[in-house]
Amino acid sequence: MRHDFETWFDAYVPEDFPWTHTLEGDDDMPAHVKASLMGPSLTLPIAGGRLALGTWQGIYLCEHRDRGGPRSLLVTLNGE
């Protein structure tokens with residue numbers, strides 16, 4: 001699945017497209033487009049203190065740069 005996902009993204013958001021924003025490298029603008037397609041946040045169901053994902057569901061943290069910098073995650077839990 002991971003290979004297919006990466007192959008699709010690379011085919012539809014190629015580095016060799018005639019991007020105008022290239023000051024930070026050939027992978028910079030494609031990384032911006034890929035990140036915007038994925039969105040900045042994720043809402044996950046939790047039941048009984050555990051993730052309530054289906055059999056075929058998973059969580060992927062993707063880095064779209066060839067040599068990405070440090071990243072951080074912010075987790076906010078809202079419960080009743």
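A few notes on this one:
- Among Pro14, Pro30, Pro45, residue whose mean-square fluctuation peaks in a GNM of the chain (springs only between Cα atoms under 10 Å): Pro45
- In terms of overall dimensions, the C-alpha atoms belonging to the range 33-80 reach 38, 24, 16 Å along their principal axes, ordered largest to smallest.
- Normalised per residue, the accessible area of the chain is 92 Å², obtained with a 1.4 Å probe and no contribution from ligands, DNA or RNA.
- Put simply, the C-alpha atoms of the chain give a gyration tensor, and the ellipsoid matching it has half-axes of 31, 16, 10 Å, longest first.
- Here the range 1-44 is described by how far its Cα atoms reach on the three principal axes: 36, 22, 13 Å, from widest to narrowest.
- Sorting 22-29, 68-75 by their mean Cβ neighbour count within 10 Å, with the most densely packed peptide first, gives 22-29, 68-75.
- In degrees, nearest ten, helix 28-38 long axis to first principal axis of the chain (Cα): 30
- Rounded to the nearest 10 degrees, the angle from helix 2-12 to the longest Cα principal axis of the chain is 40 degrees.
- For Asp27 and Arg50, a Förster radius of 30 Å and the Cβ-Cβ distance give a FRET efficiency of 0.25, rounded to the nearest 0.05.
- Where only DSSP H runs of four or more residues are counted, the chain gives -8500 deg cm²/dmol as its mean residue ellipticity at 222 nm, each run worth -39500 (n - 2.57).
- Accessible-area value, Tyr60, 1.4 Å probe, nucleic acids and ligands omitted, Å²: 130
- Surface share of carbon and sulfur [accessible, 1.4 angstrom probe, percent] for the chain: 55
- At full extension, Glu63 and Leu37 could sit 8.1 nm farther apart than now, given 0.36 nm per residue minus the alpha carbon distance.
- Over the chain, relative contact order from alpha-carbon pairs under 8 Å, at least 6 apart, %: 23
The values are calculated or read from the model by the stated rules, or taken from the named source; none is laboratory data. A quick note: this is a predicted structure, and the numbers were derived from the prediction, not measured. Note that each Cβ is placed from the backbone with ideal geometry, even for glycine, and that neighbours are counted across all protein chains shown. Note: areas computed on protein heavy atoms with side chains; ligands, DNA, RNA excluded. Shrake-Rupley method; radii C 1.70, N 1.55, O 1.52, S 1.80 Å.
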